[in-house]
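The values are calculated or read from the model by the stated rules, or taken from the named source; none is laboratory data. Computed from a predicted model, the values in this text were never measured in an experiment. Please note: Cβ atoms are built from the backbone with ideal geometry, for glycine as well, and neighbour counts cover all protein chains shown.
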Amino acid sequence: MASTLRLYLTCIRNTLEAAMCLQNFPCQEVERHNKPEVELKTSPELLLNPVLICRNEAEKCLIETSINSLRISLKVKQADELENILAKKFLRFLSMRAEAFQVLRRKPVQGYDISFLITNYHCEELQKQKLIDFIVQFMEMHSLKYFRRT
Amino acid sequence: MAEVKKSVESDNAEDILTKIENKSLKIESLIKQYKFIEAIKTALEGYPPRDERCKSANWIGVHKALMAIKDVEGMLRSLDPQYYDILMKYIYRGLSTGNRTTCDQCLKIHEKLTEKAGFGCILRSLADTVNTV
């Protein structure tokens, strides 16, 4: 059980290390605009293949990359209804304070529990390795369920 | 000129499907003979097909060969480097299925393959939007 978690996190870490190659790219349609291409998906040549990494039927991670931005969406496993409600409330609490986290997305992508949006500006200001460590630690924390009281 | 090419391709799809079915039978027989490395080499050979049905048929064969592997390290040692990229693409396809046993096996192979082939292999599988599996 723990070994699959370790493999799952290693896989996500390796994929993020490879996929986080972002550069500044001004919008092609509108002048003087700079938008994260992974959110808009207007030009297919700027997008890479999205990658879905599943650990089992309930837990998965979707990584979508483009030239100037990267979106990571996570779905975590909930054992029962109570945990479902607790996790939803906790993640909603975090999402509402997304500005403090910088890389968090205010609304998760449809079908997932929480989403991160990393742009080239984040990669310029923050260290790439630390960003990846942050996301992997976030998942570890969720899987070990520190906030569970049982 | 483009129309002629398209009709030729749809004829070829039937041929490709039959070729893939033959390949599947060959892979199954190799697995029964415990020749796992030859099975995976046969599965990975050949250009990934264009047609969706051919891709699904090809994936079934590769899936059988991947699930039969017990010794991941040995398999990677004996596999030619030219097959790393295509193997990585099939691993990501396996990871997206969500089936527990497939994902377990694919995660194991992914870790070892990244150690061997490096991050460039992952990036090539992400960036290649033309030859997808």
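Before moving on, here are some points about what is shown:
- Residue tally, condition outside any loop (DSSP other than H, G, I, E, B) and polar (S, T, N, Q), over the stretch A:96-123: 3
- Hits in the stretch B:59-95 - residues which are part of a helix (DSSP H, G or I) and either in contact with a Gly (Cβ under 8 Å, 6 or more places away or on another chain) or of a type in the set (Lys, Arg) (or both): B:HIS63, B:LYS64, B:LEU66, B:ARG77, B:LYS89, B:ARG93
- Restricting attention to the stretch B:107-129, the residues being of a type in the set (A, V, I, L, M, F, W, C), more than 18 Å from B:VAL72 (Cα to Cα) and over 16 Å from the mean Cα position of the chain (by Cα) number 3.
- Selected residue (criterion: surrounded by the fewest Cβ atoms within 10 Å (Cβ to Cβ)) from residues of the stretch B:115-132 that are touching a residue at least 24 places away in the same chain (Cβ under 8 Å) and facing another protein chain (nearest Cβ under 10 Å): B:THR132
- Within the stretch A:4-53, the set of residues being more than 10 Å from chain B (Cβ to nearest Cβ), crowded, with 19+ Cβ neighbours inside 10 Å and either in contact with a Ser or Thr (Cβ under 6 Å, 6 or more places away or on another chain) or modelled with pLDDT under 90 (or both) comprises A:PRO36, A:GLU37, A:VAL38.
- Complete set of residues in the stretch A:89-109 that are more than 21 Å from A:LYS130 (Cα to Cα) and among the β-branched types (Val, Ile, Thr): A:VAL109
- Single residue of the stretch A:56-87 satisfying the filter (under 15 Å from A:MET139 (Cα atoms) and more than 14 Å from chain B (Cβ to nearest Cβ)) that is surrounded by the most Cβ atoms within 10 Å (Cβ to Cβ): A:LEU74
- Any hit, the stretch A:127-140, residues being at pLDDT below 90 and surrounded by fewer than 16 Cβ atoms within 10 Å (Cβ to Cβ): yes
- When B:LYS35, B:LYS112 are screened for being within 14 Å of chain A (Cβ to nearest Cβ) and either more than 20 Å from A:LYS60 (Cα to Cα) or at pLDDT 90 or above (or both), only B:LYS112 passes.
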